[in-house]
Structure formats: C-alpha cells, structure tokens
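Trainee: Could you have a look at this structure, given as structure tokens, before my questions?
The values are calculated or read from the model by the stated rules, or taken from the named source; none is laboratory data. Keep in mind that this is a model prediction, so the values were computed, not measured. Every residue, glycine among them, receives a Cβ derived from its backbone with ideal geometry; neighbour counts consider all protein chains shown.
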Amino acid sequence: MLSRSLRLRYVHAAFGRSGSGAAAVEAVLWFPIFIAVFGLMVDSAMIFHGQSKVLRVVQDANRRLSTQSLKTDAQVEAYINAQLAAIGVTPSRTETLSDTTTGVVSTLVVVPASDLQLLGYFSALTNLQIPVTAQHMREDWVAS
C-alpha cells in the first residue's frame, strides 16, 4: 500500500500531464469574440434590410406622385413619414423635389442606423446616418 504522500505525488504528476480541459479554456476565451462578431453581423444585416424597406417606401411614394395619387411634394413627404412610422423608423430628414422641367421626382430620406439595428452594441454603427434616395419619372409630364 502506498503512503498518502506518495499517492498525492502520483496524482499531482498525472494531473500535470493530463490535457483534458485545455479545449474548454480556449473555448471560454474565444466565446466572447465569437458573440461580438455574430452581433456585428446581425446588426449589419438588419441595417441593410431596413435600408431596403425604406427604399421601397420612397419608391412607392415617388410612384404615387408620378401617377397623381399624391399631388404635392409635401404629401409625398407626409406619406413617407407615415409609412416609416408604421415600421418603427423615424427619419431625421425627408426631402422631395419635383423638377417640372425634366419631369423627375427625386426624394432623399436620411434614417439613423439606430432605428434599424436589432442589438445596437456597436457605437460605430449606431451613430451612422443612412441616406436613401430614389428618382422616378412623372407620367403626367409633357415635353414642351
């Protein structure tokens, strides 16, 4: 029978040679970085998706002005702001310009990226202002 101190020496030596648990330590060290990168991807994807939804609203408003469903630039801006409010986006700027000489309707909407993000962990993305522009030819325009 081995003495207690000898047994402890064997256990201590076996413990030092054992590699079990090494992967768990590395996983714990890499896990926060993985989560941060995943969060960045989610927020970036949500910003791009939100930008496409805003673009769809702006194009729809320009088309409505083109077909005279909306009559003035102010009505276009009010329509855009109402549609964006319905999806939870508050634009910081909305401008519509109907050029009577060329018959082109141009609209600019600037949206804060913080309205489009899901997580909002990254201040570099949160402070962005996303411009969305669209142009449409008016159908009621007649060349002189």
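Trainee: Could you please give the count of residues in region 61-74 that are without any contact (Cβ under 8 Å) to a residue 60 or more places away in the chain, in a helix (DSSP H, G or I) and either on the phi > 0 side of the Ramachandran plot or in contact with a strand residue (DSSP E or B) (Cβ under 9 Å, 6 or more places away or on another chain) (or both)? Walk me through it before giving the result.
Mentor: Let us first name the residues in region 61-74 that are without any contact (Cβ under 8 Å) to a residue 60 or more places away in the chain, namely 61, 64, 69-74.
If we keep only those that are in a helix (DSSP H, G or I) too, we end up with 61, 64, 73-74.
Narrowing the set further to residues that are either on the phi > 0 side of the Ramachandran plot or in contact with a strand residue (DSSP E or B) (Cβ under 9 Å, 6 or more places away or on another chain) (or both) leaves 61, 73-74.
So the answer is 3.
Trainee: Going by the conditions given, is G88 assigned to a loop (DSSP other than H, G, I, E, B), surrounded by fewer than 18 Cβ atoms within 10 Å (Cβ to Cβ) and either of a type in the set (F, W, Y) or free of Cβ contacts under 8 Å to residues at least 60 places away in the same chain (or both)? First the steps, then the outcome.
Mentor: Working: assigned to a loop (DSSP other than H, G, I, E, B): yes; surrounded by fewer than 18 Cβ atoms within 10 Å (Cβ to Cβ): yes; either of a type in the set (F, W, Y) or free of Cβ contacts under 8 Å to residues at least 60 places away in the same chain (or both): yes.
The answer is yes for G88.
Trainee: While we're here: Where the second residue is part of a strand (DSSP E or B) and at pLDDT 60 or above and the first is more than 25 Å from L84 (Cα to Cα) and lies in region 132-144, which pairs have Cβ atoms under 9 Å and are six or more apart or on separate chains?
Mentor: So the pair list comes out as W141/V104.
One line per residue, one yes/no per condition, for (1) surrounded by 16 or more Cβ atoms within 10 Å (Cβ to Cβ); (2) modelled with pLDDT of 95 or more; (3) closer than 14 Å to A134 by Cα:
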position: V57; (1), (2), (3): yes, yes, yes
position: T67; (1), (2), (3): no, no, no
position: T72; (1), (2), (3): no, no, no
position: A78; (1), (2), (3): no, yes, no
